[in-house]
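The values are calculated or read from the model by the stated rules, or taken from the named source; none is laboratory data. Just so we're clear, the structure is a prediction, and the values are computed from it rather than from any experiment. Virtual Cβ from ideal backbone geometry, glycine too; neighbours counted across all protein chains shown. Calculation scope for accessible area: heavy atoms of the full protein, side chains included, ligands and nucleic acids excluded. Shrake-Rupley method; radii C 1.70, N 1.55, O 1.52, S 1.80 Å.
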Amino acid sequence: MPHADFYMPTRLFFGENALEKGKDLLVAAGRHAMLVTGKQSARKSGALDDVTALLKNADITYTVFDGITENPPLLTCFEAGRIAAREGVEFVIGIGGGSPLDAAKAIAAFATNPSLAPEDIFDDSKRTEPTLPIFAIPTTAGTGSEVNNYSILTLPSGVQKKTFKAADSWPRAAFVDPRYTATMSNETTLSTALDAFAHAMESYLSPRSTVFSENAALLAAREIFDVISALPAEYDAEMRARLALAATAGGMAISVTGTGFPHPLGYSLTLLDGIPHGRACAVFAGDYITYNEKSEIGRERIASFAAAIGTKPAVLKAFLPGVADVSLSMTEAEIERHVELIAGAKNYTNSPYIISKEEIFDIYRAHFLAN
Ligand code: NAP
Ligand code: FE
């Protein structure tokens, strides 16, 4: 009997008129909104103007919080939550890449739980009030945060991430308009596509996958591999639409399964070395395949995944780390620091083959140890 349970409380509106199609849900959510963005992309993409025009038209007031930096800091979300509480914000709209979208979820929780200390957000027993309604408008095609309840936050140390995930931190609606991704540079387009591909592959291999998550993962992987393996010099509107749909499908897939070990291994490269999230995951895609091929189930799963997207495991092993193009050189002590920061993540148990800490060291040494 297949595993086929599915929960997806987010209304998805996709395409050029996504906001228009779903605007009734937005304007019914309250009288004062907080728009959560990064520095520039919400404006540059045109998404912020579209949202503010819609809100003004409906006589809904809003506060713009544009202080979300990449890999959103827990403390920034905490501060923004206080502002939201003080200003009587009734719903939160995240506009941007995964960073503002993830931040919006945390802000929506802090806003209604004003007595929470920052790190209490991870403790379900301390969050007594439901979050504010959350809406998500992605301007990258990568994280899939618009269709899941994960919010990946950087801890105050600045060198570790932790996932906040509440039963009510799903966006009420996601408005995925691929045109908002047109202003992304080629580099961000590729990196975010690699993130979505990582979601697809890691979800497909997860022991928690179901027929629905598998098919979402394959849809994502096929589209992304088809677009990026051609190494386009420019991404046209059709490619961007395919990547946007794929990223959202990948977000649905991981909403069921979570991610595997390339994700935590990549977090150290992002926070300590500044490697963008998608490329940081893709560095370890070959290792992910190689280790999983050590188990019979892993070997079968990776073979069927590759076949379903029209390629071979060996091609993926070479292609993904190749396009990630990360060359770092570390001492043994630096490797130890990277590995200690990511030890103990839950993701390690989420694939057919479970890697040990010693194997994580081996992987890091093979990639980065200076000789
Ligand atoms: P991001 O960190 O949100 O943004 C990366 C950069 O791209 C920023 O400089 C941003 O500019 C810019 N940008 C975004 N959209 C743009 C556009 N349309 N045009 C031009 N520039 C644009 O990138 P991301 O890869 O989407 O998100 C990564 C974060 O999501 C990480 O913290 C990661 O851990 C998390 N994540 C979450 C999930 C999940 O399921 N929730 C899954 C994977 C990853 P601005 O600063 O001006 O906005
Ligand atoms: Fe990711």
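I'd like to know if the range 193-210 contains one or more residues that are open to solvent by 20 Å² or more (accessible area, probe 1.4 Å) and of a type in the set (A, V, I, L, M). Scanning the range 193-210, I find no residue that is open to solvent by 20 Å² or more (accessible area, probe 1.4 Å) and of a type in the set (A, V, I, L, M), so the answer is no. Kindly indicate whether any position in the range 137-145 is more than 16 Å from Gly278 (Cβ to Cβ) and either without any contact (Cβ under 8 Å) to a residue 24 or more places away in the chain or of a type in the set (Ser, Thr, Tyr) (or both). Checked the range 137-145: no residue is more than 16 Å from Gly278 (Cβ to Cβ) and either without any contact (Cβ under 8 Å) to a residue 24 or more places away in the chain or of a type in the set (Ser, Thr, Tyr) (or both). The residues of the range 174-183 that are buried (at least 24 other Cβ atoms within 10 Å of the Cβ) and within 8 Å of ligand 1 (Cβ to nearest atom), listed by number, are Tyr180, Thr181.
A Cβ distance below 6 Å, combined with a sequence gap of six or more or placement on separate chains, defines the contacts here; from the range 40-61, residues that are within 13 Å of ligand 1 (Cβ to nearest atom) reach residues that are open to solvent by 60 Å² or more (accessible area, probe 1.4 Å) in the pairs Lys44/Thr183; Ser45/Thr183. Restricting Ala285, Ala247, Ala237 to those that are surrounded by fewer than 19 Cβ atoms within 10 Å (Cβ to Cβ) and either at pLDDT 95 or above or within 14 Å of ligand 2 (Cβ to nearest atom) (or both) reduces the list to Ala237. For the range 7-48, what are the residues that are farther than 24 Å from Ile68 by Cα, modelled with pLDDT of 95 or more and open to solvent by 70 Å² or more (accessible area, probe 1.4 Å)? Result: Tyr7, Arg11, Glu16, Glu20, Lys21, Asp24, Ala28.
Select from the range 252-269 the residues that are outside any helix (DSSP H, G or I) and touching a His at 6+ places or on another chain (Cβ under 7 Å) and list them in ascending order. Show your work before the answer.
Filtering the range 252-269 down to residues outside any helix (DSSP H, G or I) leaves 258-261.
The answer is Thr259, and nothing else.
The strands (runs of 3 or more DSSP E) found wholly in the range 140-211 and carrying at least 3 residues that are over 18 Å from Ala285 (Cβ atoms) and not charged (D, E, K, R) occupy 150-154, 173-176. Consider the range 250-269 and keep the residues that are of a type in the set (S, T, N, Q) and open to solvent by less than 10 Å² (accessible area, probe 1.4 Å). The one that is nearest to Asp325 (Cα to Cα) is Ser268.
Which one is nearest to ligand 1 (Cβ to nearest atom), of the residues in the range 270-285 that are of a type outside the set (Gly, Ala, Ser) and part of a loop (DSSP other than H, G, I, E, B)? Working first, answer last.
Initial filter on the range 270-285 (of a type outside the set (Gly, Ala, Ser)): 270-273, 275-277, 279, 281, 283-284.
This time we only want the ones that are part of a loop (DSSP other than H, G, I, E, B), so: 275-276, 283-284.
Values: Ile275: 12, Pro276: 6, Val283: 15, Phe284: 14 Å.
Only one residue fits best here, namely Pro276.
Can you say whether Leu218 is touching a residue at least 60 places away in the same chain (Cβ under 8 Å), touching a strand residue (DSSP E or B) at 6+ places or on another chain (Cβ under 9 Å), open to solvent by 10 Å² or more (accessible area, probe 1.4 Å) and more than 11 Å from ligand 2 (Cβ to nearest atom), as far as the supplied structure shows? When the stated conditions are applied, Leu218 does not pass them.
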